[in-house]
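The values are calculated or read from the model by the stated rules, or taken from the named source; none is laboratory data. Note that the coordinates shown come from a computational prediction; the quantities given were computed from them, not determined experimentally. With ideal geometry, Cβ positions are generated from the backbone for all residues, glycine too; neighbour counts draw on all protein chains shown. Note: areas computed on protein heavy atoms with side chains; ligands, DNA, RNA excluded. Shrake-Rupley method; radii C 1.70, N 1.55, O 1.52, S 1.80 Å.
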Amino acid sequence: TMLAESAIASISHLIQLSVAPVFLLTGVGSILGVLAGRVGRIVDRARKLEAQLPNTPAAQRADVHLELRRLSNRAHLTYWAISLCTVCALLVCTMIALLFVGDFMNVSMAEFVALLFITAMLSLICGLLCFLREVYMAIRYLRLEID
């Protein structure tokens, strides 16, 4: 019974350690939802412009092509943001799994878990920077259209 209580305490401690990364996963999941919505809107807008292109007067075709290039740039940035945030989530999931595996096998995974966490945070930072750049581009292009 003492051994069972020790195992329960150990598992309880591991669950406590994994709670913060799970909250991180929730946040990254929310970011991925926002990014998926943005890329969907970009693709819808590009398809609409492409469908209108055959009926666009020759004088305005250059403007449509310019907007399509801008949408393509935004879509690429959003793709990178989604990819990097997904890598972050995968690294966090791996980190949580290793916490449990290391405990059950009585192997210290501290250095590897720390490396995974740092890599996950760098991936999230880069993903958020791509997202920030895409939002900046969207606002900049909007201002150009208004001006």
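If you go through the range 74-106 and keep only what is over 16 Å from residue 11 (Cβ atoms) and either in a loop (DSSP other than H, G, I, E, B) or not aliphatic (A, V, I, L, M) (or both), you end up with 74, 76, 78, 79, 80, 83, 85, 86, 88, 93, 94.
Residues of the range 104-147 that are of a type in the set (Lys, Arg) and modelled with pLDDT of 90 or more: 133, 140. Just one of the listed residues (53, 71, 132) is open to solvent by 40 Å² or more (accessible area, probe 1.4 Å), free of Cβ contacts under 8 Å to residues at least 40 places away in the same chain and farther than 24 Å from residue 11 by Cα, namely 132.
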